[in-house]
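The values are calculated or read from the model by the stated rules, or taken from the named source; none is laboratory data. Computed from a prediction, not measured in an experiment: that's the story for all the values here. Every residue, glycine as well, gets a Cβ built from its backbone with ideal geometry; the counts of neighbours run over all protein chains shown. Note: areas computed on protein heavy atoms with side chains; ligands, DNA, RNA excluded. Shrake-Rupley method; radii C 1.70, N 1.55, O 1.52, S 1.80 Å.
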Amino acid sequence: FKQYTNGPPEKLQRLYAASAYKYSQMLQRVGDYTNAIQAYRYVLKAKIDEDLGAQVKIELAELIVRSIPKWSDKSQVKALIKEAQELAVAVQWLGYDKIWFWRAVVVMAHLEMIKGDNNAARKIIVSHLDKLEEAESLLRQNREALKLSPMAECRYLMGTMMETQAKEFLAKDQADAARKGFREALIHYFVVLTRYPASPWAMEARKRVEWI
């Protein structure tokens with residue numbers, strides 16, 4: 001990757017892309033999101049087909065979303081949000097008949113929540129929920145394909161919004177409302193853990209469950 005920082009020569013295209021993708025997965029497992037993000041960027045420097053490119057772009061956008069809480073530099077966070085938005089929009093241009101389109105919808109909602117606008121995030125989810133669930137039902141016909149479902153991140157996102165609201169109630173000493181919010185958050189997190197255990201959102205959901 002250091003030798004071919006702007007992309008590989010023709011004869012190394014497939015090896016370069018496959019190696020970068022595998023490397024990104026390894027880095028994620030050890031929690032090195034910074035270098036995992038860069039590895040994904042290397043994949044996109046290679047010549048890959050449109051559908052694989054869409055998958056890589058949306059996985060990179062989702063990884064950026066998961067990594068943002070680890071960053072303290074506000075300018076870096078702003079740049080990452082912009083990159084994730086651009087990746088999601090690029091994927092959506094491929095059309096709503098692709099599963100990546102619906103994962104991009106959830107990424108856009110998640111980014112709104114990160115920016116502090118829970119109402120905008122909720123509006124995006126609610127307005128697309130029927131189609132998200134429809135995409136989920138199609139994927140359920142193939143158990144292996146279920147790991148591609150946009151509902152894993154969607155459920156995680158709804159859980160975090162409920163958890164945030166519960167914390168606000170807790171800060172105001174509204175214990176009953178806080179308990180209700182935490183219970184609803186837990187329901188969403190447990191759905192992620194039980195239905196989508198292979199999803200990267202399952203690990204994040206487990207951390208939230210332990211905290212609550």
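Kindly evaluate Ala61 against the criterion of being modelled with pLDDT of 90 or more, farther than 16 Å from Ala90 by Cα and among the hydrophobic types (A, V, I, L, M, F, W, C). Before the answer, list the steps.
Details: modelled with pLDDT of 90 or more: yes; farther than 16 Å from Ala90 by Cα: no; among the hydrophobic types (A, V, I, L, M, F, W, C): yes.
No, not satisfied.
Any residue that is under 18 Å from Ala20 (Cα atoms) and either among the β-branched types (Val, Ile, Thr) or surrounded by 15 or more Cβ atoms within 10 Å (Cβ to Cβ) (or both) - is there at least one of those in the range 63-70? Give the derivation first.
Just the residues of the range 63-70 that are under 18 Å from Ala20 (Cα atoms), to begin with: 63-64.
Imposing the further condition that a residue be either among the β-branched types (Val, Ile, Thr) or surrounded by 15 or more Cβ atoms within 10 Å (Cβ to Cβ) (or both) reduces the set to 63-64.
For the range 63-70, residues under 18 Å from Ala20 (Cα atoms) and either among the β-branched types (Val, Ile, Thr) or surrounded by 15 or more Cβ atoms within 10 Å (Cβ to Cβ) (or both): present.
Any idea which of Leu138, Leu157, Leu193, Leu186 is in a helix (DSSP H, G or I) and in contact (Cβ under 8 Å) with a residue 40 or more places away in the chain?
Numbers: Leu138 fails: in contact (Cβ under 8 Å) with a residue 40 or more places away in the chain; Leu193 fails: in contact (Cβ under 8 Å) with a residue 40 or more places away in the chain; Leu186 fails: in contact (Cβ under 8 Å) with a residue 40 or more places away in the chain.
Of the residues listed, the single one that is in a helix (DSSP H, G or I) and in contact (Cβ under 8 Å) with a residue 40 or more places away in the chain is Leu157.
I need the full set of residues from the range 73-107 which are over 23 Å from Asp49 (Cα atoms) and crowded, with 20+ Cβ neighbours inside 10 Å, in order please. Lay out the reasoning, then the answer.
Here is the first cut: in the range 73-107, the ones over 23 Å from Asp49 (Cα atoms) are 73-82, 106.
Result: Leu80, Val106.
Looking at the range 44-58, is at least one residue of a type outside the set (Phe, Trp, Tyr), closer than 22 Å to Met158 by Cβ and in contact with a helix residue (DSSP H, G or I) (Cβ under 8 Å, 6 or more places away or on another chain)? Please lay out each step first, then the result.
In the first step, residues of the range 44-58 are kept if they are of a type outside the set (Phe, Trp, Tyr); the result is 44-58.
Those still in the list that are closer than 22 Å to Met158 by Cβ too: 58.
Add one more test, that the residue is in contact with a helix residue (DSSP H, G or I) (Cβ under 8 Å, 6 or more places away or on another chain), and what stays is 58.
Yes; the residues of the range 44-58 include at least one that is of a type outside the set (Phe, Trp, Tyr), closer than 22 Å to Met158 by Cβ and in contact with a helix residue (DSSP H, G or I) (Cβ under 8 Å, 6 or more places away or on another chain).
Take the range 1-54 and flag every residue that is open to solvent by 90 Å² or more (accessible area, probe 1.4 Å) and part of a loop (DSSP other than H, G, I, E, B). Break it down into steps so the answer makes sense when it comes.
Narrowing the range 1-54 to residues open to solvent by 90 Å² or more (accessible area, probe 1.4 Å): 2-3, 6, 10-11, 14-15, 22-23, 26, 29-30, 47, 49-50.
Residues satisfying the conditions are Lys2, Gln3, Asn6, Val30, Lys47, Asp49.
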